[in-house]
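Engineer: Mind looking over this structure? Questions follow.
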Ligand SMILES: NC(=O)c1ccc[n+]([C@@H]2O[C@H](COP(=O)([O-])OP(=O)(O)OC[C@H]3O[C@@H](n4cnc5c(N)ncnc54)[C@H](OP(=O)(O)O)[C@@H]3O)[C@@H](O)[C@H]2O)c1
């Protein structure tokens, strides 16, 4: 089986490490790619084609994991050449997923959930053809949600709205605790109910949010736009906090 990759960043580099089988060959291309990506491709030793079009033609499964901004363009350019499954793993809205389905015959909407550089993330999938990817469960915990495209995209947004809003709340409460000189004690008392790793997880979440606040704000804006029929008071407050 041949699995073609469009993108070779953190997500797909890790997937090629997790999915190890003599029966699976990975293909990608260095066409128009950055020095960093070309170096990662060369280091991985996976097979390289001259163009992504050729990658799409030769693959039984084509995986797109590049960027939310490029996902639709990639589908427009290469979807028509993919005769097998087209698995989109980008963090995109259900609306973009539906747009992509207009250019791709056998679309599976997917998400990698969990720490991306760990050896045990999970793969969530939906779409009528998603059964054909259940064999991946041998390598990565794989769960089909339904035949309905867009449901994994909705789950991704819901997860993101929860984690980002929680991070904004953590930032605010930690700042307040600091002002009272009670930061240590604040984490101590929460650790009693939230578990031993609460402090470490919270600090990592706070740092990650502060270091990527622009991207996180953009993602919250996308969530608010996507769920415009819901009030989302907390998400809007988190956005206000991140924009400060
Ligand atoms: N990181 C996570 O925790 C995570 C988890 C789940 C899902 N995702 C989603 O998965 C996707 C990839 O994430 P990542 O963390 O792997 O990103 P990343 O580390 O930034 O890597 C992106 C890769 O895609 C390539 N690329 C960008 N545009 C391309 C195009 N038009 N054609 C071919 N290759 C292209 C980049 O190449 P260049 O270097 O040449 O630009 C790079 O190799 C994103 O949509 C992200 O939202 C990420």
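Engineer: Of the residues 57, 46, which is touching a strand residue (DSSP E or B) at 6+ places or on another chain (Cβ under 7 Å) and more than 22 Å from residue 131 (Cβ to Cβ)?
Structural biologist: Result of the check over 57, 46: 46.
Engineer: How many of the residues in the stretch 54-78 are under 18 Å from residue 30 (Cα atoms) and part of a helix (DSSP H, G or I)? Please lay out each step first, then the result.
Structural biologist: Taking the stretch 54-78 and keeping what is under 18 Å from residue 30 (Cα atoms), we get 54-59, 62-67, 70-71, 73-75, 77-78.
Filter once more, so that each one left must be part of a helix (DSSP H, G or I): 54-58, 71, 73-75, 77-78.
The total comes to 11.
For every residue, the table says whether it meets (1) in the same structural domain as residue 12 (by TED's automatic domain parsing); (2) away from the ligand (no atom under 16 Å from the Cβ); (3) in contact with a helix residue (DSSP H, G or I) (Cβ under 6 Å, 6 or more places away or on another chain).
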position	(1), (2), (3)
101	yes, yes, no
113	yes, no, no
121	yes, no, no
129	yes, yes, no
137	yes, yes, no
159	no, no, no
163	no, no, no
177	no, yes, yes
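Engineer: Considering only residues of the stretch 54-67 that are under 14 Å from residue 86 (Cα atoms) and within 12 Å of the ligand (Cβ to nearest atom), which is surrounded by the fewest Cβ atoms within 10 Å (Cβ to Cβ)? Explain how you work it out, then say what you get.
Structural biologist: Quick first cut of the stretch 54-67, residues under 14 Å from residue 86 (Cα atoms) only: 55-66.
Now restrict to residues that are within 12 Å of the ligand (Cβ to nearest atom): 55-56, 62-66.
Working: 55: 26, 56: 25, 62: 30, 63: 25, 64: 30, 65: 24, 66: 21.
Residue satisfying both the conditions and the ranking: 66.
Engineer: Restricted to the stretch 83-94, and to residues that are within 14 Å of the ligand (Cβ to nearest atom) and part of a loop (DSSP other than H, G, I, E, B), which residue is farthest from residue 219 (Cα to Cα)?
Structural biologist: 89
Engineer: If we keep just the residues of the stretch 33-53 that are part of a loop (DSSP other than H, G, I, E, B) and surrounded by 15 or more Cβ atoms within 10 Å (Cβ to Cβ), which is nearest to the chain's Cα centre (by Cα)?
Structural biologist: If we filter the stretch 33-53 for residues that are part of a loop (DSSP other than H, G, I, E, B), which is where we start, we get 33-34, 45-46, 50-51.
With the extra rule that they be surrounded by 15 or more Cβ atoms within 10 Å (Cβ to Cβ), the set shrinks to 33, 46.
Details: 33: 20, 46: 22 Å.
Once the filter is applied, the top-ranked residue is 33.
Engineer: A follow-up question, please. Could you list, in sequence order, all residues of the stretch 8-32 that are away from the ligand (no atom under 13 Å from the Cβ) and part of a loop (DSSP other than H, G, I, E, B)?
Structural biologist: 19, 20, 21, 22, 23, 24 - these are the residues of the stretch 8-32 that are away from the ligand (no atom under 13 Å from the Cβ) and part of a loop (DSSP other than H, G, I, E, B).
Engineer: Moving on. Could you tell me whether residue 175 is in a helix (DSSP H, G or I) and modelled with pLDDT of 95 or more?
Structural biologist: Against the criterion (in a helix (DSSP H, G or I) and modelled with pLDDT of 95 or more), residue 175 qualifies.
Engineer: List every residue pair whose Cβ atoms lie under 8 Å apart, where the two residues are 6 or more positions apart in sequence or sit on different chains, the first residue falls within the stretch 22-34 and is on the phi > 0 side of the Ramachandran plot, and the second residue, located anywhere, is within 8 Å of the ligand (Cβ to nearest atom).
Structural biologist: Partner pairs satisfying both residue conditions: none exist.
Engineer: Working carefully through the options 196, 188, find the one that is free of Cβ contacts under 8 Å to residues at least 12 places away in the same chain and in a loop (DSSP other than H, G, I, E, B).
Structural biologist: Answer to the check: 196.
The values are calculated or read from the model by the stated rules, or taken from the named source; none is laboratory data. This one's a predicted model, so the numbers in the text were calculated from it and none came from an experiment. Cβ coordinates were reconstructed from backbone atoms using ideal geometry, including for glycine residues, and neighbour counts include every protein chain displayed.
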